[in-house]
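Everything on this sheet refers to the single structure shown next.
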Amino acid sequence: TAPAVPYRSSCWRRRMALSRLLMLAAMVGAPVSAMVFSGLRATPQGLFSQASCSPFCSSLSSTAAIHMLASGTRTMPVASTLRLGRARAPVFRACASGLDSDMGTTFYQDSLCDEEEEACELPEDDEFTVAILGDLHLDPRKMEDYYAGREHFKPILEDATARGVNAALVSLGDLGESKSVRPEETAELFAGTSECHELAADFLGSFGVPYEVIGGNHDLEGIDEFSTDEENLEAFLRIHNKPTPQFSRLIADKTMLVGLCSTVFRSAKYTSHEVIIDDEQLRWFEKLLEDHPADEGWKLFVFSHAPPIGSGLRVLQENHVVNGCCWLNHSGGDTTRKFIELVRKHRCVKAWFSGHFHLGQDYEDSITF
């Protein structure tokens, strides 16, 4: 987007931004009423973030965030976005907060532009902003709540794009409500249907930036409309204009967003709600990591619906574990461990974002700090 004032080059902004690292991940929903929590786990293997909220998050959630700030960085709660520039070794801090209308929405304007000189600098090649959405479970009867949540994000994304910063949105899957949204007419589940994905595509496309989406355990749940997973997956890919279930997006210089998609529901061996990454995607992912080594300066941020086992994110024995759907490829034997093994081997993976767990706040043990 063309700026309103001319750009200029100097080291002024570079000095300001050298140590900035700001990552936030949370849910999107109504602006008030209930708090949404994001869990974050820093381990020797890497950084893992998990979004969770109450069962009523589709209609009662507000924004919250995990702030991971580099030393020397200003504290700016800015809704659920990931921003990254050049950074020293980060110092992490976890918190949950709402978003005031005037907080964090002029980040790049403030850091790139000089009002006295009426000029703005070009952003660095490695600057980017990503909005990350957890389990939306869209309900067409309650879209005003989602639109209210969207308005928390849009000013932040507009601030980035107006200053020439690359921006994108990533949805972590589970796009639709897993029940009938017209119970007086039909018992058909809304999740996984063509209507569901068309509504989600319209919503995700309304943030003003390109979006990526990965499938969760409910996104192939259109069991009345589609007889096979293959038919359901084809509709999911077509409606969201995805050439493949997985994705990779170069968001900045030597910086890539990578997504892995669940592709099994009806044909699952144990439980339909296990988040399964098929062998073809897993081979693709391993090769992608091999081709983008950390010693060449690559930084990869990975997105999946469920987290990998070994991430350290907390789960509930009586809920997640007994249902066999905690982690990626939960019952997959060697492939269950494969994801964390790849993280340990390939230091280019800088963070891994997942959703899937969204229990009420009374489940204190479901939130990782």
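The values are calculated or read from the model by the stated rules, or taken from the named source; none is laboratory data. Quantities reported herein were computed from a predicted structural model and do not represent experimental measurements. A quick note on method: Cβ atoms are made from the backbone with ideal geometry, for glycine too, and the neighbour counts reach across all protein chains shown. To get the accessible areas, we keep the full protein, side chains included, count just its heavy atoms, and leave off ligands, DNA and RNA. Shrake-Rupley method; radii C 1.70, N 1.55, O 1.52, S 1.80 Å.
Tabulated values for the structure
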read-out	value
Members of region 147-204 found to be surrounded by fewer than 16 Cβ atoms within 10 Å (Cβ to Cβ) and among the basic types (Lys, Arg), listed by number	179, 182
Single condition residue 213 does not satisfy, out of (1) open to solvent by less than 10 Å² (accessible area, probe 1.4 Å); (2) farther than 15 Å from residue 136 by Cα; (3) β-branched (Val, Ile, Thr)	(2)
In region 323-361, the residues that are out of contact with any helix residue (DSSP H, G or I) (no Cβ under 7 Å at 6 or more places or on another chain) and part of a loop (DSSP other than H, G, I, E, B)	323, 324, 325, 331, 332, 333, 355, 356, 360, 361
Among residues of region 246-261, those that are open to solvent by less than 20 Å² (accessible area, probe 1.4 Å) and either in a loop (DSSP other than H, G, I, E, B) or over 26 Å from residue 297 (Cα atoms) (or both), counted	2
Residue pairs meeting the criteria (Cβ under 7 Å; at least 6 apart or on separate chains; first farther than 27 Å from residue 174 by Cα and in a loop (DSSP other than H, G, I, E, B), in region 289-305; second open to solvent by less than 50 Å² (accessible area, probe 1.4 Å) and among the aromatic types (Phe, Trp, Tyr))	292/298
Only listed residue being over 30 Å from residue 111 (Cα atoms) and in contact with a Phe, Trp or Tyr (Cβ under 7 Å, 6 or more places away or on another chain), chosen from 173, 215	215
Qualifying residue in region 135-154 (condition: part of a loop (DSSP other than H, G, I, E, B) and over 17 Å from residue 357 (Cα atoms))	yes
Test for residue 264: is it within 27 Å of residue 153 (Cα to Cα), touching an Asp or Glu at 6+ places or on another chain (Cβ under 7 Å) and in a loop (DSSP other than H, G, I, E, B)	no
